[in-house]
Structure formats: C-alpha cells, structure tokens
Amino acid sequence: MSETVTKVEITTTGKVIQSPCGPIIHGLEDVLVKTTAISDIDGRKGILWYRGYNINDLAKYSNFEETAYLIFNGRLPTRTELESFKSMLAKERDLPDEVVSTIRVLAPRAHPMHVLEAAVAGLAAFDPDINDNSPEANFRKAVRLTAKLPSIIAAHYRFSRKLDYIRPKESLAHSANFLYMMFGQEPDSTSAKAIDLYLVLHIDHEVPASTFATLVSISTWTDLYSAIVSGIATLKGPLHGGANEAAMKQYLEIGSPEKARPYVEKLLGEGKRLMGVGHRVYKAYDPRAKIYKELVRELSQSKGNMTYYNIASEVEAVVLEKLASKGLYPNIDFWSGIAMYLLGIPYEYYTPIFAMSRVVGWSAHAMEYLNQHRLFRPRACYVGPHDVPYVPIEKR
Ligand code: CMC
C-alpha cells in the first residue's frame, strides 16, 4: 500500500505551509472568520475589551452576572434589568432529576469535562426551545446553560466523593452558589470573589479554538446545546483550557521558590514548554493574568499560604528575563490554578470552571454568527494517490 503513495514535500515557512495546492495557513493563524462586537484583543499592547469596556474596569467594578448581561445584550444593565437577569439565572440553576441521575452514574469513573459534555447533551432533552434557533429562544437557552453548568460541575464533585447533590440556593450570587453546591457551606467573601473574578476574566476571548468549534457547529444550523458541547470538548485540551491545571502541577513539582529558576532553566534547556506561558494572540503580558495575579496574592495572604504565589513569582522573573524577547509572557493560566488550589478545588475541575464562564461567550458568538451565517466548509489539499486498483482480500 505504502509504495502507491506519492511522497510530497511540505515545507513550513512561519505560519504558512507550502502545499502542492498552494499555501495553507497553519492553524488558521490570523485568519478572520467573522465580524464581532463582543470582545476585542490588542495582542501587541496586551489589552482586552468586552463590548468596548476595558477588562481592567470590569474586573474592578463589575461581577459575573452583570458582565454576562453585557456580553449577551451589548450594554450594561440598569439596576432593575440586572435584578431581573440575576433572578432568571438563579431560578434556572437546578437540574432535572434524570440529568442528576446520569451524573451520579458517570461521576465515579468519568472526567468532569466528559460529564459536562454528556450532561449538556442530556439537558437538551428537557429544553422546550431546543429546536428553535430564533434569537429569543437562543437567549433563553443560553441563560439556562449558564445557570446549569455550575450545578453539573458541583454534582460531579459531590457524587465522585460519595456525597449527596446539594440543591442550589436562589438567594446566593452565581459564584457563591457554586462554591456552596460544591462544599455545602456558604463561602467567605474572598473565596467567592476569587471565583467571580475568574469568571469575569474568562467570559469571552474573541475566537479561540473552543469558540471556533462552537461556530463550526452552529453554522450547520444545529441547536445551541450541540454547539456548546463542541465548545466544551475543544476546551478540554491542555493547549487551551487545560493549561491552568498543568501550570499548578508545575509549581507543586518545583516545591519551593529557590528551586524555581533551576527548574525553568532545565525545562527550557530541554526544549520543553512552560505551562501558563505564551499565547497565540498576546505577545505582551496577558491583561487577565496581571489582574488575577493580584487576586492570587490577596487570596494567598488570606489563606496564610504564600508558597505557590512565591514560586510562580520566581518562575515569572525567569520568563520575563528569558522569554519576553520572543513575545512569550505569563497568560491567565499561569496564575489561576493557584487560586483554584487554595480554594481546595481539585485539578480536574479547573477547566470545567473555565467552561462555566465561557459558555456565555460561546453562546453569544453562536447567536452573533447566526446573523452573518454561512456554513463552514473549508477544503484540504489531498496528497495521496488516486485510482488505486482494488485487490480482493484473498489476494492481498
Ligand atoms: N514555553 C516555552 N516556549 C514556548 C512556549 C512555552 N509555553 N510557548 C511557545 N513557545 C515557543 C515555541 O517553542 C516556539 O519557539 P521556536 O520559534 O523557537 O520554535 C515559539 O514560542 C512559538 O510557538 P508556537 O507553538 O508556534 O506558538 P503558538 O501561537 O502556536 O502557541 C500556545 C500558543 C498557547 C499553544 C503556546 O504558547 C503554548 O503551548 N503555551 C503553553 C500552554 C498554555 O499555557 N496554554 C494556555 C493558553 S492561554 C488560555 C487560553 O486562552 O486558552
């Protein structure tokens, strides 16, 4: 078989692959796939805007519910609108018993990201708007998904530890309710703030792989639940949502601040990658990472454990010294895993919590794309043989 395949020379120049059919933009780097008014990134200067608002202002003054309203509606809510949106979210938090039972069965053996995919697909069966792709119905579905993702994650945490599912409390804010459903206690304000800020910082980020996967799905006119399952599945990879977990494991492996420099130098010397460093778009310090670094410092102080903040600070110093000239800086995952760790959240929940926030951005982009819809259907450059004679099995 192999002798019939023509060998084709494929060379890569930067982000372009020279193929026999013409240039291929490797990984679609810098290829524009849609217009958007949801978020914008200046990768050179390290600036992020949601709906025109600088992330620094939203991180300082806003919260998850208000920022979600902004992402969905394109403007900040009045007090009455915000109260009504919060109450809509709070009322939609609980899960159908059938979905709770599915999570109970799967949780002891399945990764929470796989359970998130399965539970979101399962929830589709209970949504009265499932086959309606109108903007109004998609907004209602997006609200339900945003409200229910934390409950799925908390249920997985409880069932995989042989604990009971805790029903949501409508009186609590989105982030505080999530920690309550995980641990069975209302969190202190610093812990709730750590989750809330994390959610604000992750709510949207233009078109990374998971948002693109959501767009490819919705471009076929599938339903929003299916498109969100694509987003979750794509977020799971360590080059995307999984890097916060990998970064935290690095700090644990380093163990103490004085071991950070030799560890990083050895790793880079072996041509390996530091997790939580580098970004396809940011060639400056990720603005989300700058904001979250400060929160991690405050949280570390309040928990009386500065070890991982200090280790990360040492790693950061080496990164700035050795990698910044190549446009490689700490990204949000460099710091966020430490906060999750200090909150007592096991590694496998770090990426699901990312999804809990990004579901807003995925849904908003899917709805926006339906207004400028065209089916995604790229081409591939075929480099195999044609017209190979079929040989019956007994003669092979
Ligand atoms: N550590 C060391 N070197 C790196 C790193 C890193 N983390 N990231 C990139 N490089 C080097 C890479 O080796 C290459 O060097 P050279 O030109 O000498 O071969 C150069 O930088 C360009 O790398 P690339 O893979 O072409 O860059 P990319 O745009 O495809 O990569 C990335 C982006 C995020 C996949 C990559 O930086 C990476 O693997 N980082 C670690 C994983 C990580 O932290 N991911 C979280 C991303 S932020 C969260 C999110 O938005 O999802």
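The values are calculated or read from the model by the stated rules, or taken from the named source; none is laboratory data. Being a predicted model, the structure only gives us computed values, none of them experimental. Neighbour counts are summed over all protein chains in view; Cβ atoms, including those assigned to glycine, are modelled from backbone coordinates with ideal geometry. Quick note on the areas: whole protein, heavy atoms, side chains included, nothing else; ligands and nucleic acids left out. Shrake-Rupley method; radii C 1.70, N 1.55, O 1.52, S 1.80 Å.
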Limited to the range 295-352, what total is found for residues that are without any contact (Cβ under 8 Å) to a residue 40 or more places away in the chain, closer than 13 Å to residue 251 by Cβ and hydrophobic (A, V, I, L, M, F, W, C)?
-> 1
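Going by the conditions given, is residue 110 under 18 Å from residue 226 (Cα atoms) and either among the aliphatic types (A, V, I, L, M) or without any contact (Cβ under 8 Å) to a residue 40 or more places away in the chain (or both)?
no
Quick one: in the range 65-83, of everything that is among the polar types (S, T, N, Q) and in a helix (DSSP H, G or I), which residue is most open to solvent (accessible area, probe 1.4 Å)?
Ranking the candidates gives 80 first.
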Six or more apart or on different chains, Cβ under 9 Å: which pairs go from a residue in the range 221-239 that's β-branched (Val, Ile, Thr) to one that's part of a loop (DSSP other than H, G, I, E, B) and more than 11 Å from the ligand (Cβ to nearest atom)? Could you list them?
-> 222/133
Just to be sure, is residue 144 at pLDDT 95 or above, charged (D, E, K, R) and in a loop (DSSP other than H, G, I, E, B)?
-> no
Tell me, yes or no, whether the range 239-262 has at least one residue that is open to solvent by less than 40 Å² (accessible area, probe 1.4 Å), under 16 Å from the mean Cα position of the chain (by Cα) and among the β-branched types (Val, Ile, Thr).
-> no
Could you tell me whether the range 149-170 includes any residue that is in contact (Cβ under 8 Å) with a residue 60 or more places away in the chain and polar (S, T, N, Q)?
-> no
Only one residue in 179, 172 is more than 16 Å from the ligand (Cβ to nearest atom), within 22 Å of residue 144 (Cβ to Cβ), over 15 Å from the mean Cα position of the chain (by Cα) and open to solvent by less than 10 Å² (accessible area, probe 1.4 Å), so which one is that?
-> 179
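I'd like to verify a number: residues in the range 292-308 that are open to solvent by 30 Å² or more (accessible area, probe 1.4 Å) and in contact with a Lys or Arg (Cβ under 9 Å, 6 or more places away or on another chain), how many?
So the count comes out to 2.
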The condition from (1) part of a helix (DSSP H, G or I); (2) surrounded by fewer than 21 Cβ atoms within 10 Å (Cβ to Cβ) that residue 166 misses is numbered (1)
Does residue 231 fit the bill of being open to solvent by 10 Å² or more (accessible area, probe 1.4 Å) and either within 22 Å of residue 311 (Cβ to Cβ) or small (Gly, Ala, Ser) (or both)?
-> no
Collect the residues in the range 247-291 that are in a helix (DSSP H, G or I) and among the β-branched types (Val, Ile, Thr), keeping them in residue-number order.
-> 254, 264, 291
State all residues of the range 39-58 that are open to solvent by less than 70 Å² (accessible area, probe 1.4 Å) and over 16 Å from residue 361 (Cβ atoms); if no residue qualifies, say none.
-> 42, 43, 46, 47, 54
Number of positions in the range 119-141 that are part of a helix (DSSP H, G or I) and under 25 Å from residue 64 (Cβ atoms) | 14
Any residue at all in the range 348-358 that is part of a helix (DSSP H, G or I) and away from the ligand (no atom under 16 Å from the Cβ)?
-> yes
Restricting the range 358-378 to residues that are in contact (Cβ under 8 Å) with a residue 12 or more places away in the chain and of a type in the set (D, E, K, R), the residue that is least open to solvent (accessible area, probe 1.4 Å) = 358
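Looking at the range 244-287, which of the residues that are closer than 28 Å to residue 355 by Cβ and among the charged types (D, E, K, R) is farthest from the ligand (Cβ to nearest atom)?
The qualifying residue farthest from the ligand (Cβ to nearest atom) is 253.
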In the range 366-383, is there at least one residue being of a type in the set (Gly, Ala, Ser), part of a loop (DSSP other than H, G, I, E, B) and in the same structural domain as residue 250 (by TED's automatic domain parsing)?
-> no
Scan the range 156-163 and give yes if some residue there is among the hydrophobic types (A, V, I, L, M, F, W, C), open to solvent by less than 30 Å² (accessible area, probe 1.4 Å) and not assigned by TED's automatic domain parsing to the domain that holds residue 279, otherwise no.
-> yes
How many residues, within the range 13-26, are within 16 Å of the ligand (Cβ to nearest atom) and either open to solvent by 80 Å² or more (accessible area, probe 1.4 Å) or modelled with pLDDT of 90 or more (or both)?
-> 4
Mind checking which pairs have a first residue in the range 179-207 that is assigned by TED's automatic domain parsing to the domain that holds residue 299 and a second that is among the charged types (D, E, K, R) and at pLDDT below 95, Cβ under 9 Å, 6 or more apart or different chains?
-> none
